[in-house]
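The block underneath contains the structure these notes are about, expressed in structure tokens.
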Amino acid sequence: MLSDFFILMKSELAVTAVIFILLFIKIGKGMKNETLLSLIQVFLLANFLIGFFFNKEGVLFEGAYNTTPLIVFQKNILSLGVYLISLLCTDWLKKTPHLPEFFMLMLSALLGMFFMISSGNLLMFYLSLELSTIPIAAMANFDLAKKTASEAAMKMILSSAFSSGILLFGISLTYGATGTISFSELPQQLGGSSLQILAFVFLFTGFAFKLSIVPFHLWTADVYEGSPIAVTSFLSVISKGSVAFIFISALYKVFQPLHDIWYNMLVLLAIATMVIGNLFAIRQQNIKRFLAFSSIAQVGFILVGMSSNNNAGVISVVYFVLIYTFSNLAAFGVASVIAEQTGKENIDDYKGLYKTNPFLSWILALALFSLAGIPPTAGFFGKLFLITSGASTGTYWFIAIAALNMIVSLYYYLRVVRAMFMDKDEQPIENLKVNPSVKLGLLICGAGIVLIGLLSWIYEYISKLN
């Protein structure tokens, strides 16, 4: 029925409507950036709120598109992240001369991610992945006057093209080895033949590129550093979150017969990703490169949760991505305010920040505590649930390595906190005026970290009583 079509695809249709509205505004008389940005923020908030109403489970297009309550919740997390980016990067967005184009690209990428999460076969998944990737390459080059932005866009395009080629080759081999591309039919056709295993390795590699899993992470830091912070935030949180959602769904539902193979791959790559991400994060001075390698290490912990192969793994990954959205966007939000008003992006520039900007210092400290997994922040429970899920397989040496990497991460996260609160600088960053929209975004992120952490503590306490 037509009503089912509109209800099942309401998230995609809402995003498409906003894109067309922006297109009409662009080809029309246009409006000032301040007014247009406020209007866009209202649209994005409405798009987020729509996700909580009129939800229904079902399939469309003969199984090519499907939605469930979990998929709707995943889309809501991504919508929330995009809304927060529009708030946190207000200073930069107001200055850009091509504001409508930027959000048309961002929302096109978000639309592709929505279709990717709801995809029911490999062809739909691939087309959605391309729709979510190509606009990001254009977004990375949005600071046209900066050479680093062009370099970031070129590296993004080349790495995306390479990974997409590998992924498409894996899809071709999968179809040749099984005779189907349907997610519902593939598990019955997977018997573990050599060709099927080879096809899966190519598919896994394509996912690894998109998630920045070591050793397929080499593009990440350079693209993050050269892109505008709004794009870096989108890449770090929204893009990685969407790929993590579809990746765990593919492993658990589609490639479950190959569990023994992908489990060993997950364990080895999770260890490499956590170790390499942490070691390189320690060496970084640029805040964007620092957060880039931090995000790589966080992906390693996500893989730990994925290795459980049970419902607890799905819940822990979704929970962690939600917390990661608040934590990472809060860190990028503070970095955006400082970079836009002072041009400073090095960690040493943050020395003495607390004396002149206590609000920004506390928000960044809270975000870093959450990313490090320090109680009582929500990030502590995020990593606790991931490690607990991974421990359900009984591979305790693997969990011990993950726990040791958590300890290592404390060093470089607390290094930034020490610079803000303890280190002295004769010329610290001056007192900065925080835009009301940015302050709202930072407060939402901070409240999310605290409230989710508090609710998690309460839930754990009540469960122990029972």
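When residues in region 194-206 are screened for being open to solvent by 50 Å² or more (accessible area, probe 1.4 Å) and either more than 30 Å from the chain's Cα centre (by Cα) or hydroxyl-bearing (S, T, Y) (or both), 2 of them pass.
Whether any residue in region 81-93 is open to solvent by less than 10 Å² (accessible area, probe 1.4 Å), β-branched (V, I, T) and under 25 Å from A221 (Cβ atoms) is what I want to check. Spell out the reasoning first.
So in region 81-93, the residues open to solvent by less than 10 Å² (accessible area, probe 1.4 Å) come out as 81-82, 84-90, 93.
Okay, now just the ones that are also β-branched (V, I, T), so 82, 85, 90.
Now narrow it down to the ones that are under 25 Å from A221 (Cβ atoms): 82, 85.
Yes: region 81-93 contains one or more residues that are open to solvent by less than 10 Å² (accessible area, probe 1.4 Å), β-branched (V, I, T) and under 25 Å from A221 (Cβ atoms).
L432 satisfies every condition listed in (1) open to solvent by less than 20 Å² (accessible area, probe 1.4 Å); (2) assigned to a helix (DSSP H, G or I) except (2). Among the residues of region 212-234, write down those that are open to solvent by less than 10 Å² (accessible area, probe 1.4 Å) and touching a Lys or Arg at 6+ places or on another chain (Cβ under 6 Å). A221, V223, Y224, T232, listed by residue number.
Can you name every residue in region 5-45 that is over 18 Å from P100 (Cα atoms) and either open to solvent by less than 80 Å² (accessible area, probe 1.4 Å) or in a loop (DSSP other than H, G, I, E, B) (or both)?
Kept after step one, since they are over 18 Å from P100 (Cα atoms), are these residues of region 5-45: 5-13.
Of everything in region 5-45, those that are over 18 Å from P100 (Cα atoms) and either open to solvent by less than 80 Å² (accessible area, probe 1.4 Å) or in a loop (DSSP other than H, G, I, E, B) (or both) turn out to be F5, I7, L8, M9, K10, S11, E12, L13.
Looking at the structure I just gave you, is L105 under 21 Å from the mean Cα position of the chain (by Cα) and open to solvent by less than 40 Å² (accessible area, probe 1.4 Å)? Criteria not met by L105. Residues in region 362-391 that are open to solvent by less than 50 Å² (accessible area, probe 1.4 Å) and part of a loop (DSSP other than H, G, I, E, B): G373, I374, T377. Within region 116-134, the set of residues being surrounded by fewer than 21 Cβ atoms within 10 Å (Cβ to Cβ) and assigned to a helix (DSSP H, G or I) comprises L123, Y126, L127, E130, L131, I134. Taking the listed residues V254, V237, the one that is crowded, with 20+ Cβ neighbours inside 10 Å, among the aliphatic types (A, V, I, L, M) and under 14 Å from K210 (Cβ atoms) is V237, with no other qualifying.
A single member of V314, V304, V299 is open to solvent by 10 Å² or more (accessible area, probe 1.4 Å) and either β-branched (V, I, T) or part of a loop (DSSP other than H, G, I, E, B) (or both), and it is V314.
For the structure I just gave you, tell me whether I462 is more than 23 Å from L291 (Cβ to Cβ) and part of a helix (DSSP H, G or I).
Details: more than 23 Å from L291 (Cβ to Cβ): yes; part of a helix (DSSP H, G or I): yes.
For I462, the condition - more than 23 Å from L291 (Cβ to Cβ) and part of a helix (DSSP H, G or I) - is met.
Residues of region 342-358 include at least one that is surrounded by fewer than 24 Cβ atoms within 10 Å (Cβ to Cβ), farther than 26 Å from P228 by Cβ and among the basic types (K, R).
Of all the listed residues (L49, L70, L60), the sole one being open to solvent by 40 Å² or more (accessible area, probe 1.4 Å), aliphatic (A, V, I, L, M) and over 19 Å from the mean Cα position of the chain (by Cα) is L49. Look through region 392-408, keep the residues that are over 20 Å from A372 (Cβ atoms) and open to solvent by 20 Å² or more (accessible area, probe 1.4 Å), and return whichever of them is modelled with the highest pLDDT. In this case the residue turns out to be W397.
Pairs are defined by a Cβ separation below 8 Å, a sequence spacing of at least 6 or placement on different chains, a first member in region 421-438 that is touching a residue at least 12 places away in the same chain (Cβ under 8 Å) and among the basic types (K, R), and a second member that is assigned to a helix (DSSP H, G or I) and open to solvent by 30 Å² or more (accessible area, probe 1.4 Å); the pairs so defined are K433/Q341.
Evaluation of G81 against the conditions (1) assigned to a helix (DSSP H, G or I); (2) of a type outside the set (A, V, I, L, M, F, W, C); (3) at pLDDT below 85 shows that the sole unmet condition is (3). Taking first residues from region 270-281 that are among the charged types (D, E, K, R) and partners that are open to solvent by 10 Å² or more (accessible area, probe 1.4 Å) and at pLDDT 90 or above, no Cβ contact under 8 Å between residues at least 6 apart in sequence or on separate chains turns up.
The values are calculated or read from the model by the stated rules, or taken from the named source; none is laboratory data. For clarity, every value in this text was computed on a predicted model and none was experimentally measured. Quick reminder, even Gly has a Cβ in these numbers, built from the backbone with ideal geometry, and neighbours come from all protein chains shown. Calculation scope for accessible area: heavy atoms of the full protein, side chains included, ligands and nucleic acids excluded. Shrake-Rupley method; radii C 1.70, N 1.55, O 1.52, S 1.80 Å.
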